[in-house]
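The values are calculated or read from the model by the stated rules, or taken from the named source; none is laboratory data. Just so it is clear, the structure is predicted and the values come from calculations on it, not from any experiment. Cβ coordinates were reconstructed from backbone atoms using ideal geometry, including for glycine residues, and neighbour counts include every protein chain displayed.
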Amino acid sequence: MDEATFRVSGGSGGHGLIAFRREKYVPRGGPCGGDGGRGGDVVLVVDPNLHTLLDLRYKKEVRAPRGQHGGGSGRTGRSGEDVVIRVPPGTEVHDPDTGDLLGDLTGPEDRFLAARGGRGGRGNQRFATPTLQAPQFAEDGHLGQTRTLRLTLKLLADVGLVGFPNAGKSTLLAALSAARPKIADYPFTTLEPHLGIVSAGEYASFVMADIPGLIEGASRGKGLGHKFLRHLERTGVLLFLVECTDPEPDRTLEVLREELAGHSSELAGKPARVALTKMDLLPPGEAPPGLSRLAESPFLISAHSQKGLTELRMELHRLVNAEPRSVPRPGPGTDREP
């Protein structure tokens, strides 16, 4: 669940009160109506323990409580409590009508003010002046902000795996990390993105993301992969996986790169490496049939026999540290105004 659309409403402010002091031995005590309380806000807060938007997928509306009305003797009504909606890191907040990016929540302490509560109305004591000593009116509370938001999730990972279905992406992730994605001998086994933490030595690690396999035309809506291409936008390094038995690995890489470029020119420009997978399928010492067609030198790996995984892991870690990612910070409206 990486998308959710729902309505948020801040609480309305409480009304100000019209009241006058009636106290023994205090004639004409004057106005004493208190102010109404402020309505509660709706706030999005990053929770590092969440990884999907499942909790918000079926919500239709989130409404904060209103503020209480003002009381006598100048008492201010209680403000409505804020409603906190917890979202996973990497959540983007969009306006569904215009498509504008309103906020980008990536850090563990990031917050986004989704709907501001209304200000409480002023009681009649606020309007007393030397020439108007007994005002017979007060102010109503202001309505809270209401709007519709669309949340989308982009995974935060250092390395993204790119390849056709059954290229060995999930098997590689399981071999390098403690992640346990579904692995089977048929295409499109992976139906949702998976994250795994890969150890690269003592006190060194990086996060790897496995997305569903791409097919030619994925950037135009074919297959399953196009829906998840946005999860690669935050990665720092891409790893292209091609089966070692592919007779035309150069053509396969060309198609994969074209699909990335069709989705985003920035995505196509990320630093990348190539690995030929499933080397255990070839007889010992035999080179892949299409190796000579590749202009770049690929890693020859086998997740089953662990061949070449150490060299691949260290090279990816070096690239991740050499190419620091630029993660956008949260957009406007993340803090409450005074």
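Residues that are within 17 Å of the chain's Cα centre (by Cα) number at least 2 in the following strands (runs of 3 or more DSSP E) confined to the stretch 57-116: 83-87, 91-94, 101-105, 111-115. The residues of the stretch 1-40 that are acidic (Asp, Glu) and under 31 Å from the mean Cα position of the chain (by Cα), listed by number, are 2, 3.
Every residue, every condition in (1) assigned by TED's automatic domain parsing to the domain that holds residue 7; (2) touching a helix residue (DSSP H, G or I) at 6+ places or on another chain (Cβ under 9 Å); (3) within 30 Å of residue 235 (Cα to Cα), yes or no:
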| residue | (1), (2), (3) |
| --- | --- |
| 34 | yes, yes, no |
| 47 | yes, no, yes |
| 56 | yes, no, yes |
| 69 | yes, no, no |
| 88 | yes, no, yes |
| 94 | yes, no, yes |
| 109 | yes, no, yes |
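Checked against (1) surrounded by fewer than 21 Cβ atoms within 10 Å (Cβ to Cβ); (2) within 21 Å of residue 159 (Cβ to Cβ), residue 259 passes all but condition (1). The set of residues in the stretch 16-44 that are over 30 Å from residue 92 (Cα atoms) and surrounded by 24 or more Cβ atoms within 10 Å (Cβ to Cβ) comprises 16, 17, 33, 34, 35, 36, 37.
Among the listed residues 240, 228, which satisfies the condition of being modelled with pLDDT of 90 or more, under 25 Å from the mean Cα position of the chain (by Cα) and in the same structural domain as residue 196 (by TED's automatic domain parsing)?
Numbers: 228 fails: modelled with pLDDT of 90 or more.
So the residue among 240, 228 that is modelled with pLDDT of 90 or more, under 25 Å from the mean Cα position of the chain (by Cα) and in the same structural domain as residue 196 (by TED's automatic domain parsing) is 240.
If you go through the stretch 102-113 and pick out every residue that is at pLDDT 90 or above and within 21 Å of residue 2 (Cβ to Cβ), you end up with 3.
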